[in-house]
Amino acid sequence: MSGELPRTERGAALVVGLIMLVLITLMLIAALNLSTTNFRAVSNMQFRDEAIAAANKAIEQVVSNNDFSAAPVAEEILVDIDDDGTEDYDVEIAPPVCVSATQANQPVYSDESLGPVMSVSSNWNTVWELDANVTGTGGSGATARVHAGVRALLSQTEKTAVCD
């Protein structure tokens, strides 16, 4: 008779153990969901930063073109941000807009020896606004819009043609 267990203690440890396993499983699932969400957030930030870098690269390409202010036109530039041979981002740049123009300062003494053609007295400091819209082409789905300002020194004739 000493080998029998009391009726009230049968199976209680099994029920408590199952409840603990369910609670641990739920905690692990919640931790997995949290880590997946964090991974997605970091990936989205990386794609956004890459899209902004692609826009800046395209804007630099447009600005480095010496006649961007002489004939401002819209451009579409495909950018390979990771140099793997495939275009990752499609950058659409609106026509550059001349925002303002102010006459350049009078030449300093050292510039006067260059003559009137090379002096800045007949030149204008112009400020241009560039607007770039970026779309990811590699399946990232990233989009961004970047505004940039550029200052260019133009002659009176060039300024009259594009800023008036």
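The values are calculated or read from the model by the stated rules, or taken from the named source; none is laboratory data. Just so you know, these numbers come straight off a predicted model, no measurement behind them. With ideal geometry, Cβ positions are generated from the backbone for all residues, glycine too; neighbour counts draw on all protein chains shown.
The residue list Ile52, Ile77 contains one member that is among the β-branched types (Val, Ile, Thr), in contact with a strand residue (DSSP E or B) (Cβ under 9 Å, 6 or more places away or on another chain) and over 28 Å from Leu154 (Cα atoms), which is Ile52.
Regarding region 46-59, can at least one residue be identified that is in a loop (DSSP other than H, G, I, E, B) and loosely packed, with under 15 Cβ neighbours inside 10 Å? The answer is no, given that none of the residues of region 46-59 is in a loop (DSSP other than H, G, I, E, B) and loosely packed, with under 15 Cβ neighbours inside 10 Å. Of all residues in region 1-32, those being of a type outside the set (A, V, I, L, M, F, W, C) and at pLDDT 90 or above number 2. Across region 126-164, which residue is nearest to Asn105 (Cα to Cα) among those that are among the hydroxyl-bearing types (Ser, Thr, Tyr) and assigned to a loop (DSSP other than H, G, I, E, B)? My answer is Thr137. Restricting to region 63-94, and then to whatever is among the acidic types (Asp, Glu) and in contact with an Asp or Glu (Cβ under 9 Å, 6 or more places away or on another chain), can you tell me which residue is farthest from Ser140 (Cα to Cα)? Checked region 63-94; the qualifying residue farthest from Ser140 (Cα to Cα) is Glu75.
Take the conditions surrounded by fewer than 17 Cβ atoms within 10 Å (Cβ to Cβ), among the small types (Gly, Ala, Ser), under 36 Å from the mean Cα position of the chain (by Cα) and modelled with pLDDT of 90 or more and apply them to Ala94. Does it pass? Here the answer is yes, as Ala94 does meet what is asked. Only a single item in (1) outside any strand (DSSP E or B); (2) at pLDDT 85 or above; (3) acidic (Asp, Glu) is not met by Asp83, and it is number (2). For first residues located in region 48-77 and within 18 Å of Val127 (Cα to Cα), partners that are surrounded by fewer than 16 Cβ atoms within 10 Å (Cβ to Cβ) and of a type in the set (Val, Ile, Thr) and lie 6+ apart or on another chain with Cβ distances below 8 Å form the pairs Pro72/Val97. For Val117, the criteria (1) over 21 Å from Met45 (Cα atoms); (2) at pLDDT 90 or above hold in every case but one, which is (2).
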